[in-house]
Amino acid sequence: MAGFPALTDNHVRGPIVSALLAQGWDVLRAVDVFGERNDDEELLAWASKEGRVLVTCDKGLHRVAHRWLSEARPFPIEYIKPKP
């Protein structure tokens with residue numbers, strides 16, 4: 001297995017997920033785990049509980065992450081900055 005166990009949210013485009021899978025990464029997509037509608041807080045909590053890094057390019061998830069930091073709650077997250 002390459003990299004780290006990951007959970008991608010619906011903001012990470014399919015070609016990125018496909019490329020990671022092709023390289024042997026252990027990647028789950030949030031849409032496959034939770035369906036089309038999912039909640040940022042729920043994704044972060046599930047990824048943390050399952051030992052997966054949440055991979056996103058969703059700026060809105062920053063609010064949840066900053067709140068968790070202020071509460072000293074550990075979590076793994078990787079933010080991919082989208083191109084303008």
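The values are calculated or read from the model by the stated rules, or taken from the named source; none is laboratory data. All values reported here derive from a predicted model rather than from experimental measurement. Cβ sites come from the backbone with ideal geometry, for glycine too, and all protein chains shown count toward neighbours.
Screening segment 46-74 for residues that are surrounded by 14 or more Cβ atoms within 10 Å (Cβ to Cβ) and under 16 Å from Leu28 (Cβ atoms) and picking the one that is modelled with the lowest pLDDT gives Thr56. Close contacts from segment 38-59, counting a first residue that is polar (S, T, N, Q) and a second that is surrounded by 20 or more Cβ atoms within 10 Å (Cβ to Cβ), with Cβ to Cβ under 6 Å and a gap of 6+ residues or different chains, come to Asn38/Ala30; Thr56/Asp9.
Could you grab me the full set of residues in segment 1-16 that are touching a residue at least 12 places away in the same chain (Cβ under 8 Å), outside any strand (DSSP E or B) and over 10 Å from Val55 (Cα atoms)? Can you show your working first?
Going residue by residue through segment 1-16, those that are touching a residue at least 12 places away in the same chain (Cβ under 8 Å) are 1-12, 16.
After this cut, where a residue has to be outside any strand (DSSP E or B) as well, the list is 1, 9-12, 16.
Correct list: Met1, Ile16.
If the condition is being under 10 Å from the mean Cα position of the chain (by Cα) and either loosely packed, with under 15 Cβ neighbours inside 10 Å or assigned to a helix (DSSP H, G or I) (or both), then segment 17-45 contributes Ala30, Asp40, Leu43, Leu44. Among the residues of segment 1-52, those that are of a type in the set (Asp, Glu) and within 23 Å of Arg73 (Cα to Cα) comprise Asp9, Asp39, Asp40, Glu41, Glu42, Glu50.
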